[in-house]
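Pasting a structure here, questions to come.
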Amino acid sequence: MKRISLLMISLMFYVAVHAQKAPTDSMTKAIKNNMHTVQLAVEDYASRNNGLYPKKVTDFWTTFPNIKNPVDSKLAVVVDNFSDKPGQVIFKKLETGYEVTGNDAKGDLMSIRLVGNENVSKRKTNLEHSGKYTRAQQRKTTENPDEVQRWLNEEREKARKRLPEIIGRAEDGITDHTLYSPDHEDMTIMYMCRANDRRAVPVLCKIIETYDVVEARIDAIHALHVINDRKAEPTLIKALNDINLFVRWNASLLLIEWGQINPQVLVVLKKIACPDDSTSWTRDIRKAIESKYGVDPKREQLINDNIKYIKNHAAINALVVLNKTATVEAFSIIKYTADNSKDEEIKKMAEDFLVKK
């Protein structure tokens with residue numbers, strides 16, 4: 001599952017994007033933002049289910065209550081297969097992937113499509129702009145859910161039977177520094193994630209605490225999220241002091257999900273919402289990418305686009321968490337962001353939260 005979008009998946013365990021009644025000139029942007037958030041939710045689901053995409057909206061949208069339809073907040077944000085309602089996002093499961101489309105403020109289908117292709121070993125997510133895309137095309141969908149579920153169960157059982165071997169391989173990889181080496185794709189952590197077994201927690205914690213490859217530490221945090229064993233909390237708290245902000249951010253996301261919003265987490269949220277050193281934040285994201293995928297000048301624009309997207313959505317997510325926390329410390333960070341953010345969208349969002357305080 002070697003792909004750039006994995007970084008966005010790791011980052012956005014729980015995307016909670018603030019959406020409000022948008023003015024006409026920003027309505028299209030707000031709808032597109034919702035489309036991208038839906039795509040992140042779909043990819044996050046797949047990353048926790050052995051690369052298989054959800055079959056319907058209710059499979060992946062239960063943890064996103066803060067997003068609103070920017071045209072009419074009474075309408076659902078995302079629906080299955082078809083809609084002619086304004087501002088709605090449409091998710092459709094295809095035979096080998098999915099597509100996400102959206103309706104504009106008048107209820108007409110927008111030309112942008114977000115699509116993902118699925119196979120067992122490798123998936124590529126990309127953005128396509130289609131000049132002509134009809135309602136008839138939108139309605140076409142085929143899937144075989146029984147076969148997908150059967151494959152998922154089989155793969156999980158295989159991974160669990162092999163887990164002692166996989167854990168041993170991880171231990172050896174830590175010792176001889178072969179986990180996530182640049183000359184081959186390492187599937188060790190992915191198999192532990194697929195097994196979804198608490199026996200893997202100690203070695204995953206060891207990777208987070210001791211291994212010097214950024215993406216290995218991030219993927220280990222992601223695997224802990226899937227396994228959901230709170231015995232890993234001390235390791236995640238240590239990870240809040242990781243040298244890489246991207247690792248600290250991922251550790252914070254899981255701790256937040258577990259209800260642990262301590263002062264160290266608030267420090268990380270402040271750095272994400274309104275970074276004092278944007279260059280350092282950019283560098284840490286880039287390092288996470290290059291630690292697994294290497295340096296490739298041909299992909300420079302793609303990497304830069306992903307970095308920009310990650311930074312923006314991370315800041316939005318951080319502000320939503322701070323607003324929900326509703327403590328004096330949290331609102332002081334929101335005010336700091338409103339006063340100091342150089343991003344107009346983030347600045348406006350922070351100001352809105354303060355007004356509604």
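Quick note: the coordinates plus some simple rules give every number you see, no bench work behind them. Please read all numbers here as calculations on a predicted model, not as lab measurements. Note that each Cβ is placed from the backbone with ideal geometry, even for glycine, and that neighbours are counted across all protein chains shown.
Taking only the range 234-265 into account, find how many residues are more than 20 Å from the chain's Cα centre (by Cα), of a type outside the set (D, E, K, R) and either more than 22 Å from residue 350 (Cα to Cα) or not in a loop (DSSP other than H, G, I, E, B) (or both).
Result for the range 234-265: 7.
Same structure again: Does residue 328 satisfy the condition of being loosely packed, with under 14 Cβ neighbours inside 10 Å and closer than 29 Å to residue 230 by Cα?
Here the answer is yes, as residue 328 does meet what is asked.
Which one is farthest from residue 47 (Cα to Cα), of the residues in the range 94-116 that are polar (S, T, N, Q) and without any contact (Cβ under 8 Å) to a residue 40 or more places away in the chain?
Here the residue is 111.
If residue 237 passes every condition in (1) surrounded by fewer than 19 Cβ atoms within 10 Å (Cβ to Cβ); (2) over 30 Å from residue 198 (Cβ atoms) but one, which one does it miss?
Of (1) surrounded by fewer than 19 Cβ atoms within 10 Å (Cβ to Cβ); (2) over 30 Å from residue 198 (Cβ atoms), only one is false for residue 237: (2).
For the range 239-254, which positions are over 14 Å from residue 220 (Cα atoms) and touching a residue at least 12 places away in the same chain (Cβ under 8 Å)?
Across the range 239-254, the qualifying residues are 240, 241, 244, 245.
Does any residue of the range 254-269 turn out to be touching a Lys or Arg at 6+ places or on another chain (Cβ under 8 Å) and surrounded by 19 or more Cβ atoms within 10 Å (Cβ to Cβ)?
Looking for residues that are touching a Lys or Arg at 6+ places or on another chain (Cβ under 8 Å) and surrounded by 19 or more Cβ atoms within 10 Å (Cβ to Cβ), one finds at least one in the range 254-269, hence yes.
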